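Some notes on the structure that comes next.
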Amino acid sequence: MTALTQDRNTLAQLGEVQEYPVLAAAVIYAGSIACLDAAGWAVPGTTATTLIAAGRAEERADNSSGGNGAITAKVRAGVFRFDNSAAADEITRAEIGDDCFIVDDQTVAKTDGTGTRSKAGTIVQIDTLGVWVRIGF
């Protein structure tokens with residue numbers, strides 16, 4: 001193999017949509033950070049240490065009156081903009097490339113809150129409206 005000497009059409013894969021069974025009584029809103037809990041049920045992002053960020057919810061999944069797995073949530077992995085935390089946990093350009101952490105289903109922070117937050121993903125970009133995060137698997 002040799003280094004490029006001209007432009008190349010590098011193929012890409014967009015984040016796939018996966019469906020995960022939703023925890024009983026949980027509501028996951030479209031556009032929110034969607035996670036899997038320790039038992040593998042889909043839940044909204046929240047401050048907790050046992051969540052795995054799966055991606056962005058593609059549509060509302062309202063299981064507020066159902067049992068575990070009564071419905072599924074459609075979740076896409078990819079790069080998405082979420083709200084930035086504030087004060088000492090506000091993410092800046094200096095953190096691009098670092099991990100960020102889940103505050104709630106729409107907010108990410110610079111730190112794990114002294115061991116109280118799960119990882120959201122990798123910080124890709126910052127703009128005036130929020131933090132672009134690579135999230136999911």
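Fewest first, what order do Thr116, Thr107 take by the number of other Cβ atoms within 10 Å?
Values: Thr116 12, Thr107 21.
Least crowded to most crowded, the residues run Thr116, Thr107.
What FRET efficiency do you get for Glu16 and Thr111 if R0 is 41 Å and r is their Cβ-Cβ distance, rounded to the nearest 0.05? Write out the running numbers ahead of the final one.
Details: r = 30 Å, r/R0 = 0.73.
Working from the Cβ atoms, E equals 0.85.
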Estimated FRET transfer efficiency when R0 is 35 angstrom, pair Ala24-Arg93 (beta carbons, to 0.05): 0.30
Around Ala48, what is the net charge, scoring Lys/Arg as +1 and Asp/Glu as -1 over all other residues with Cβ under 14 Å from its Cβ? -2
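Taking only the alpha-carbon atoms of segment 78-135, what semi-axes of the equivalent ellipsoid follow from 5 times the gyration tensor eigenvalues under a square root, in whole Å, largest first?
15, 12, 10
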Return the sequence-ordered ³J(HN,Hα) values of segment 113-130 in whole Hz as given by the Karplus equation 6.51 cos²θ - 1.76 cosθ + 1.60 applied to θ = phi - 60°, using x for Gly and Pro. x, 6, x, 10, 10, 8, 5, 8, x, 9, 6, 9, 7, 10, 9, 5, 9, x
Amide H to amide H, which residues 5 or more places from Ala48 or on other chains are under 5 Å from it, using H placed in the peptide plane? Ser118
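Give, in whole angstrom and from largest to smallest, the semi-axes √(5λ) of the equivalent ellipsoid of segment 17-76, with λ running over the eigenvalues of the Cα gyration tensor. Mind dumping the intermediate values first?
Values: eigenvalues 41, 35, 19 Å².
Each semi-axis is the square root of five times an eigenvalue, giving 14, 13, 10 Å.
Using C-alpha positions alone, give me the convex hull volume of the chain per residue in cubic angstrom. Before the final figure, lay out each step's value.
Details: hull volume 19.8 nm³, N = 137.
Here the figure is 144 Å³ per residue.
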FRET efficiency for Met1 and Ala70 from the Cβ-Cβ distance with R0 = 41 Å, rounded to 0.05, comes out at 0.20
Ranked by Cβ crowding within 10 angstrom, fewest neighbours first, how are Ile126, Ile102 ordered? Ile126, Ile102
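Coordinate-derived values only; no laboratory data. Just so it is clear, the structure is predicted and the values come from calculations on it, not from any experiment. With ideal geometry, Cβ positions are generated from the backbone for all residues, glycine too; neighbour counts draw on all protein chains shown.
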